[in-house]
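Undergrad: This is the structure I have questions about; it appears just below.
The values are calculated or read from the model by the stated rules, or taken from the named source; none is laboratory data. Keep in mind that this is a model prediction, so the values were computed, not measured. Because the Cβ atoms are built from the backbone with ideal geometry, glycine has one as well, and the counts that use them run over all protein chains shown.
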Amino acid sequence: MSIMMLPTRDGYGYGLLELGAANPDVLVLDADLAKSTRSDWFAAKYPERFFDIGISEQDMIGTAAGLALGGKIPFATTYGVFVAGRAWDQIRTTVCYSDLNVKIAGAHGGISAGGDGATHQALEDIALMRVLPNMKVLVPCDAIEAKKATVAAGTVLGPCFLRFAREATPVFTTEGDFFEIGIANILKPGTDATIIAAGPIVYEALLAHEQLAAEGISLRVINMHTIKPLDEAAVVAAARETGAIVTAEEAQLYGGLGGAVAEVLARKCPTPVEMVGIEDSFLECGTPEELAVKYGLTAKDLVRAVKKVLARK
Amino acid sequence: MESMQRLKEFCQDVRADIVRMTSAAGSGHPGGSLSAVEAMTVLYFNVMNHRPQEPGWPERDRFFLSKGHACPVTYSVMARSGYFPVEELLTLRKCGTRLQGHPSCKTLPGIEVSSGSLGQGLSIANGFALSAKIDNKPYRAYCLMGDGELQEGQVWEAIMTAAHYKLDNVCAIVDYNGLQIDGDVESVMGIAPLAQKWTAFNWHVIEADGHNLEQMQAAYAEAAQTKGKPSVIIMKTIKGKGISFMENVAGWHGKAPNQQELQSALAEIYGKENGK
């Protein structure tokens, strides 16, 4: 059976349309990337509520902050690498310190902007956003969850960062699946080890689950769509009940999901952890598939990491 | 609406507040606060539509302090117009105070947004003004900026945005005192010719003497009457204005007066030649 493939940015586009219909205060801003980020879908339907700010990410965040002060719910949209990096101080001082109701969408996260090379691959966005007080960080795993995350962000109060990907990836969740910010989804209930993953790589974790099941290893798979606030209870329970943890993400391990999980476990339940992600380096151009193989982000790499962490139990 | 004579007296008190509160704190930014005294006094007492007893009144005009370090002057005009007791000014920068060293909207009602990292206020004013346009509301957004602050690239992004979206409900005020921490603005990183630059970016430019109350009052009125484009008041000022040993000395950007300097400043502010 072939699985449907859609980019998570499409989920963002659908989520914005749903929000736009439900709430006239929802506005969308973009920094000259509306076609790529799918914010142009909202622009086409609600042109009076869409504002292109041009190639000026810092000003876009400040403008969004002012709109939020005026009671609006602005979604400031562009590539994750630009908004999280270039506008970090604006996000810190204006949005997070003031705790404003600004939503920030970072498209083309992880290795999904493959061909564009290192300048366009957002690998530090999670770390940069996670460190900010008041910020929520959402990394949906497929297009359906991306839509739910977008709608949830538009409903909850306060700053949110949403990460989306460019490439079509498997759609494996359903409309009916439970989604709530800050509550992890346990996709497989295993007992020998746990993979905690965020983003489209969750699908690789499910493939790893199949392979390991064939070898008699019972793997728990957690979809950690909210990296902040992290569902610490789910992390600690996984550590207590399976005794071995693997984290998986398309991001720098330092400060990313791996870092977040390690912080919790070091304090609450020291447990062997292996981390799959980017090891403190810039990547290069290539298709996302090529990069995933070269930089160790496939199901095969996850299987290897699980076996490694099992040996440390 | 206060008379010019009354405003003049308020300005004396505001200047005294600035030196008293920074002196009590042992740190802070008197220079760029003193240069904006007349602009802020006119704005808070005679221009803005606001309710100091009801800081969250939705219909109020908004003031955004982009040069966050000039919070002493902001706190003073807020206290003097009734947002909080004047005595609280002396808690500036003390641990536990609502009057943070750079303003925090989470601690002090009446501060619209936290600021302190330069170059961000005009973007915020624009966003607020845009929300007012969307909702067909008459309220206006005021934004006080430093001249050195104009070296920040984001400021010019925001200048473009305000003109692009024809935000005639935005009024920027540039405190053109000519000094920044490292010295003369023109020697550190030149920003002249300022009026031509804002004009070229499709703003309505009003030049005024920032220490002349009548001129400032007229400048705000001209800005409010200007339709179809945003207005900027480029006000020529003197850093440290009103205290002779602080005037035009960059070193007083971020230094508090000691006891002796405080007494000498107060004597000058309230001296005979100043009519009190």
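Undergrad: So which residues in the stretch B:78-97 are in a loop (DSSP other than H, G, I, E, B) and more than 25 Å from B:V42 (Cβ to Cβ), if there are any at all? Spell out the reasoning first.
TA: Keep residues of the stretch B:78-97 that are in a loop (DSSP other than H, G, I, E, B), which gives B:82-85, B:92-97.
Matches in the stretch B:78-97: B:R93, B:K94, B:C95, B:G96, B:T97.
Undergrad: Check the stretch A:119-135 and report whether any residue there is more than 14 Å from chain B (Cβ to nearest Cβ), outside any helix (DSSP H, G or I) and touching a Pro at 6+ places or on another chain (Cβ under 6 Å).
TA: yes
Undergrad: Within the stretch A:235-257, can one find any residue that is under 19 Å from the mean Cα position of the chain (by Cα), assigned to a helix (DSSP H, G or I) and buried (at least 22 other Cβ atoms within 10 Å of the Cβ)?
TA: Among the residues of the stretch A:235-257, at least one is under 19 Å from the mean Cα position of the chain (by Cα), assigned to a helix (DSSP H, G or I) and buried (at least 22 other Cβ atoms within 10 Å of the Cβ), which makes the answer yes.
Undergrad: Test A:P140 against the stated conditions and say whether it is under 20 Å from A:A87 (Cβ atoms) and in a loop (DSSP other than H, G, I, E, B).
TA: Values: under 20 Å from A:A87 (Cβ atoms): no; in a loop (DSSP other than H, G, I, E, B): yes.
No; evaluated as a whole, the condition is false for this residue.
Undergrad: Looking at A:F42, A:F75, which is the one that is closer than 20 Å to A:G109 by Cβ, in a helix (DSSP H, G or I) and among the aromatic types (F, W, Y)? Quick ask: steps written out before the conclusion?
TA: Details: A:F75 fails: in a helix (DSSP H, G or I).
It is A:F42.
Undergrad: On to the next question. Within the stretch B:109-129, does at least one residue satisfy the condition of being in a strand (DSSP E or B), among the aliphatic types (A, V, I, L, M) and within 11 Å of chain A (Cβ to nearest Cβ)?
TA: Here is the first cut: in the stretch B:109-129, the ones in a strand (DSSP E or B) are none.
Checking the stretch B:109-129: not a single residue is in a strand (DSSP E or B), among the aliphatic types (A, V, I, L, M) and within 11 Å of chain A (Cβ to nearest Cβ).
Undergrad: Does A:E145 fit the bill of being in contact with a Ser or Thr (Cβ under 8 Å, 6 or more places away or on another chain) and either in a loop (DSSP other than H, G, I, E, B) or at pLDDT 95 or above (or both)? Steps first, answer last, please.
TA: Working: in contact with a Ser or Thr (Cβ under 8 Å, 6 or more places away or on another chain): yes; either in a loop (DSSP other than H, G, I, E, B) or at pLDDT 95 or above (or both): yes.
Against the criterion (in contact with a Ser or Thr (Cβ under 8 Å, 6 or more places away or on another chain) and either in a loop (DSSP other than H, G, I, E, B) or at pLDDT 95 or above (or both)), A:E145 qualifies.
Undergrad: Could you tell me whether B:T107 is among the β-branched types (V, I, T), more than 30 Å from A:A31 (Cα to Cα) and in contact with a helix residue (DSSP H, G or I) (Cβ under 8 Å, 6 or more places away or on another chain)? Outline the logic, then answer.
TA: Working: among the β-branched types (V, I, T): yes; more than 30 Å from A:A31 (Cα to Cα): yes; in contact with a helix residue (DSSP H, G or I) (Cβ under 8 Å, 6 or more places away or on another chain): no.
Considered against the rule, which asks whether it is among the β-branched types (V, I, T), more than 30 Å from A:A31 (Cα to Cα) and in contact with a helix residue (DSSP H, G or I) (Cβ under 8 Å, 6 or more places away or on another chain), B:T107 comes out as no.
Undergrad: Here's a follow-up. Among B:E87, B:E38, which is more than 28 Å from A:F50 (Cα to Cα), more than 9 Å from every other protein chain (Cβ to nearest Cβ) and surrounded by fewer than 18 Cβ atoms within 10 Å (Cβ to Cβ)?
TA: The unique qualifying residue is B:E87.
Undergrad: Let me ask something else about it. Counting only residues that are within 16 Å of B:P58 (Cα to Cα) and either assigned to a helix (DSSP H, G or I) or more than 7 Å from every other protein chain (Cβ to nearest Cβ) (or both), which one in the stretch A:60-72 is nearest to the chain's Cα centre (by Cα)?
TA: Here is the first cut: in the stretch A:60-72, the ones within 16 Å of B:P58 (Cα to Cα) are A:66-72.
Okay, now just the ones that are also either assigned to a helix (DSSP H, G or I) or more than 7 Å from every other protein chain (Cβ to nearest Cβ) (or both), so A:66-69.
On the way: A:G66: 26, A:L67: 25, A:A68: 23, A:L69: 26 Å.
Only one residue fits best here, namely A:A68.
Undergrad: Consider A:V83 carefully, then state whether it is within 21 Å of the chain's Cα centre (by Cα), free of Cβ contacts under 8 Å to residues at least 60 places away in the same chain, within 14 Å of chain B (Cβ to nearest Cβ) and part of a strand (DSSP E or B). First the steps, then the outcome.
TA: On the way: within 21 Å of the chain's Cα centre (by Cα): yes; free of Cβ contacts under 8 Å to residues at least 60 places away in the same chain: yes; within 14 Å of chain B (Cβ to nearest Cβ): yes; part of a strand (DSSP E or B): no.
No.
Undergrad: Filter the stretch A:31-59 down to the residues that are more than 8 Å from chain B (Cβ to nearest Cβ), within 28 Å of B:E59 (Cα to Cα) and either crowded, with 24+ Cβ neighbours inside 10 Å or of a type in the set (F, W, Y) (or both) and list them by number.
TA: A:Y46, A:F50
Undergrad: Kindly indicate whether any position in the stretch A:26-36 is small (G, A, S) and farther than 23 Å from A:A122 by Cα.
TA: Residues of the stretch A:26-36 that are small (G, A, S), as a first pass: A:31, A:34, A:36.
Imposing the further condition that a residue be farther than 23 Å from A:A122 by Cα reduces the set to none.
Looking through the stretch A:26-36, none of the residues is small (G, A, S) and farther than 23 Å from A:A122 by Cα.
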